[in-house]
Amino acid sequence: MKLKLTFLTIIFFGLGLYYLAQGGIYPMALVNNTIISKRDFIRSYQAATVYYSNALKTYAGKEIKGKSANEFMLELKRAVLDNLIENVLIYSELKNQVGDQLTALLEDKIPPFQESAALTVYGLNAADFKEIVLAPQARREILENQLSLKNENFDDWLKFVRKSAKVYLFTFRVNWDGEEVVAN
């Protein structure tokens with residue numbers, strides 16, 4: 001009986017891990033004890049891919065192919081992950097500074113937008129566009145304002161926080177060099 005229970009526990013645990021991995025519900029990075037999930041990364045990466053693909057088609061009239069496409073995609077991966085890490089650092093500081101007022105400040109800061117434009121340009125529905133594109137930018141602007149009220153420079157603050165952040169990446173082909181994500 002005990003052997004059956006152990007066997008079933010192992011099976012259910014394995015199936016649970018498989019389900020979580022398939023859904024992207026596992027850490028891609030850890031930033032000061034805040035997890036960036038693979039799912040969050042994929043959503044941002046896909047939005048950036050759609051955006052740059054549309055921009056290239058519109059302005060350059062072409063697509064990136066071959067080796068340069070692989071290099072471009074690696075750089076995009078690096079930039080998206082770096083941006084997600086920066087967003088975590090900004091959110092954490094903003095939460096410390098304004099606390100419960102953050103939601104109200106965000107609502108005031110996020111402008112109205114065309115849902116069709118979000119879908120066309122980024123390939124995102126309205127809720128995802130607001131969460132992935134508009135909210136991080138609004139948080140950044142709010143923090144810039146908060147720091148300027150204290151006569152602090154946002155860029156200096158960000159540089160300091162990036163250096164002091166504890167960042168662990170659980171992915172291939174990119175590393176954290178102590179200040180930013182770099183491609184291998």
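Points worth noting:
- Condition check for residue 114: at pLDDT below 90 and surrounded by fewer than 15 Cβ atoms within 10 Å (Cβ to Cβ): yes
- Considering the conditions (1) among the aliphatic types (A, V, I, L, M); (2) within 30 Å of residue 56 (Cα to Cα); (3) modelled with pLDDT of 90 or more, residue 105 is excluded by exactly one of them, (2).
- If the condition is being of a type in the set (S, T, N, Q) and part of a strand (DSSP E or B), then segment 22-61 contributes 34, 37.
- Check on residue 138, at pLDDT 90 or above and of a type in the set (Gly, Ala, Ser): yes
- Test: residue in segment 119-128 that is within 28 Å of residue 75 (Cα to Cα), without any contact (Cβ under 8 Å) to a residue 60 or more places away in the chain and touching a helix residue (DSSP H, G or I) at 6+ places or on another chain (Cβ under 7 Å): yes
- Unique match (being modelled with pLDDT of 95 or more and on the phi < 0 side of the Ramachandran plot) among 29, 60, 55, 21: 29
The values are calculated or read from the model by the stated rules, or taken from the named source; none is laboratory data. Since this is a predicted model, take the numbers as computed values, not measurements. With ideal geometry, Cβ positions are generated from the backbone for all residues, glycine too; neighbour counts draw on all protein chains shown.
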